[in-house]
């Protein structure tokens, strides 16, 4: 993420890795949640980085979605992704929260993760960045 | 006159645009301003082709549907030329209605991967400098999720908390008043007894 932010010339907003990590801690579901006021230019930079990362990761995202589409014949990739994501959430998110408990439920969270991946795949272009931005501003 | 042809590819989907430059707008030879035909090819699916009007409608429907996905409202989207909806398996069903009479509508079942491939092909077309096409009419329509009186669940969510708060306050105050009054009556009785 840091190297990508440098490529996008965000050195002033994110001078080091800690500055990105601090912004990520604005997520109230994290164990290390810190309530800071996210400035608009920081929000915009994070969105741009997300969109750019989705562009780099598109082949992987697509393969996982393809595995989900053909779950009966090729479930391995989707299951690996699903398990890994749940492990990461358990490590980093506040597992006492009911919302996080729902997220780490293997059976019920499938559709939610499908939606996240689909949104990332849709947001991997300039138009996609606009789509994501408008969606988040509408929340 | 030779026609120009550009293809936009993304994994399993390929969009081919054929057309001519508009010399009245002083276009270069390589540019396309007048789209004569287009073809969308998706692996394991029949080819879709048509004219400019069809392309506009399909683009509009895809963008609208993608905005619905992002907003978490994967509802059925119906238009003159194309219907899109999400089935129980999480696949996207497309129903393409032909403008020619006596031609049966074409049913396609796109997986999430194929759907994003097609959408990325359309994004590439939109960003292409070689194709001059009026995209102003084709923009994703995002409806601001404001307060909507027609949405009953939202209305309930808005009305229930103040109503509950009011009820609980009135219950507490009435019970406290009752206690206060009974206490006052007892005090009066005590004073009366003490006088006698």
Checked the range B:111-134 for anything without any contact (Cβ under 8 Å) to a residue 60 or more places away in the chain, assigned to a loop (DSSP other than H, G, I, E, B) and more than 7 Å from chain A (Cβ to nearest Cβ); matches are B:129, B:134
For the range A:95-114, check the following and say yes or no: at least one residue is at the interface with chain B (Cβ under 7 Å from one of its Cβ atoms) and either surrounded by 12 or more Cβ atoms within 10 Å (Cβ to Cβ) or not in a helix (DSSP H, G or I) (or both). yes
Subset of the range B:1-17, residues buried (at least 17 other Cβ atoms within 10 Å of the Cβ) and touching a strand residue (DSSP E or B) at 6+ places or on another chain (Cβ under 7 Å), comes to B:4, B:6, B:8, B:12, B:13, B:14, B:15, B:16, B:17
Per the filter on the range A:51-73, residues under 12 Å from residue B:111 (Cβ atoms) and in contact (Cβ under 8 Å) with a residue 60 or more places away in the chain are none
If we keep only residues of the range B:93-110 that are free of Cβ contacts under 8 Å to residues at least 40 places away in the same chain, in contact with a strand residue (DSSP E or B) (Cβ under 9 Å, 6 or more places away or on another chain) and surrounded by fewer than 22 Cβ atoms within 10 Å (Cβ to Cβ), then the residue nearest to the other protein chains (Cβ to nearest Cβ) is B:109
If you go through A:129, A:71, A:58, the only one that is more than 10 Å from every other protein chain (Cβ to nearest Cβ) and more than 21 Å from residue A:33 (Cα to Cα) is A:129
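Residue by residue, here is whether (1) out of contact with any strand residue (DSSP E or B) (no Cβ under 9 Å at 6 or more places or on another chain); (2) in a loop (DSSP other than H, G, I, E, B); (3) farther than 30 Å from residue B:117 by Cβ holds:
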position: A:4; (1), (2), (3): yes, no, no
position: A:11; (1), (2), (3): yes, yes, yes
position: A:14; (1), (2), (3): yes, yes, yes
position: A:28; (1), (2), (3): yes, yes, yes
position: A:37; (1), (2), (3): yes, yes, yes
position: A:42; (1), (2), (3): yes, no, yes
position: A:47; (1), (2), (3): yes, no, no
position: A:57; (1), (2), (3): yes, no, no
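Each reported figure results from applying straightforward, stated rules to the coordinates on display, with no laboratory input. Everything quoted here is computed from the prediction, not taken from an experiment. Positions of Cβ are backbone-derived with ideal geometry, glycine not excepted, and every protein chain shown enters the neighbour counts.
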